[in-house]
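J.: Supplied in structure tokens, the structure appears directly below.
The values are calculated or read from the model by the stated rules, or taken from the named source; none is laboratory data. Model, not experiment: these values are computed from the prediction. As a convention, Cβ positions derive from the backbone with ideal geometry for all residues, glycine included, and neighbour counts pool all protein chains shown.
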Amino acid sequence: MATAPDMRRLSINQITVRDWSLTETAEGLARHGIGGIGVWLDKVEELGLERSAAMLRAHDLQVSSVCRAGFFTTQSAPGQVSDENRRAIEIARGVGAECLYVVCGGMGEDNDLAGARARALEGLAAMADEAEQAGVRLALEPLHPMMTADRCVVVSIAQALDMVETVGSPAVGIAVDSYNVWWDPQLAASLERAGDRVISYQICDWLVPQPHPVFGRGVPGDGVIDLAGLTRRVDALGYRGPIEVEIFNEDVWSRDPDRVIGQIADRFPSVIAF
């Protein structure tokens, strides 16, 4: 018999309802009885950090993540903490986020993949020091290999773990995103190796055919990912944190956000149950 998931673990990333402001998103989640939110830096800055933090507290929302920082491979001063990343740490701390997502960045104009990965490691190490001092956890997110050139040179959990172990900071962990890792033949072994270093878990579905290489994420239950099986593996590590739904999709964005949230909430028990 399937085990019903704890609905209190459901969180909605703001990008899923892209056209709503932070206030509109918080109010919408409250209408649907959802207690978790993943926020984006620009939405917080739009409202202001202090007002954002107060509004999130007023709606009793757990901030499952802040998206996103990193992009070390394109920084003009490798190994330094950019003003943008320093501000991202400040925002994550200010809203009391579970973690700050880190995306390392793409190859850059020189097409030097090895060099880009070296710069990513230097940047992560530098940022980890400041995050640790601020009491903020960094969730290093590997992206799907099709995004290597322009978005992220880290493409698997195993590769991300190598970086986390090299940096050696308690402030740095791993983000597991179903869209980015479901294809990996070494996924089970990598998750077992990761253990309690998995500090964030995001889900969406892989649509067939893919409508877009970036904006092709589906509502859970619309695609081919075994989300129940992946959740079972993540939970087996001892992870009991939020399960955050993050969807980039023009078709989803064109729909009524209230209906999108309602559909996700209605499906959550059956899609995640195992």
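J.: For residues that are under 27 Å from residue 235 (Cα atoms) and either in a helix (DSSP H, G or I) or among the hydroxyl-bearing types (Ser, Thr, Tyr) (or both), tally how many sit in region 1-25.
T.: Residues of region 1-25 under 27 Å from residue 235 (Cα atoms): 1-17.
Now narrow it down to the ones that are either in a helix (DSSP H, G or I) or among the hydroxyl-bearing types (Ser, Thr, Tyr) (or both): 3, 7-9, 11, 14-17.
Counting residues in region 1-25 that are under 27 Å from residue 235 (Cα atoms) and either in a helix (DSSP H, G or I) or among the hydroxyl-bearing types (Ser, Thr, Tyr) (or both) gives 9.
J.: Search region 59-91 for residues being out of contact with any Gly (no Cβ under 7 Å at 6 or more places or on another chain) and at pLDDT below 95, and hand back the single one that is surrounded by the fewest Cβ atoms within 10 Å (Cβ to Cβ).
T.: Among them, the one singled out is 76.
J.: I need a count of the residues in region 230-272 that are surrounded by 15 or more Cβ atoms within 10 Å (Cβ to Cβ) and either among the hydroxyl-bearing types (Ser, Thr, Tyr) or in a loop (DSSP other than H, G, I, E, B) (or both).
T.: 8
J.: Would you mind listing the helices (runs of 4 or more DSSP H) fully within region 108-196 where at least 3 residues are of a type in the set (Asp, Glu) and either surrounded by fewer than 21 Cβ atoms within 10 Å (Cβ to Cβ) or at pLDDT below 95 (or both)? Don't jump to the end; show me each part of the working.
T.: Working: elements: 113-134, 157-167, 178-181, 187-194.
The helices (runs of 4 or more DSSP H) meeting that bar are 113-134.
J.: A further question follows. Suppose the filter is under 23 Å from residue 40 (Cα atoms), more than 18 Å from the chain's Cα centre (by Cα) and among the small types (Gly, Ala, Ser); does residue 189 pass it?
T.: Working: under 23 Å from residue 40 (Cα atoms): no; more than 18 Å from the chain's Cα centre (by Cα): yes; among the small types (Gly, Ala, Ser): yes.
No: the conditions fail for residue 189.
J.: Filter region 188-239 for residues that are touching a residue at least 60 places away in the same chain (Cβ under 8 Å) and hydroxyl-bearing (Ser, Thr, Tyr) and give the result.
T.: Of everything in region 188-239, those that are touching a residue at least 60 places away in the same chain (Cβ under 8 Å) and hydroxyl-bearing (Ser, Thr, Tyr) turn out to be 200, 231.
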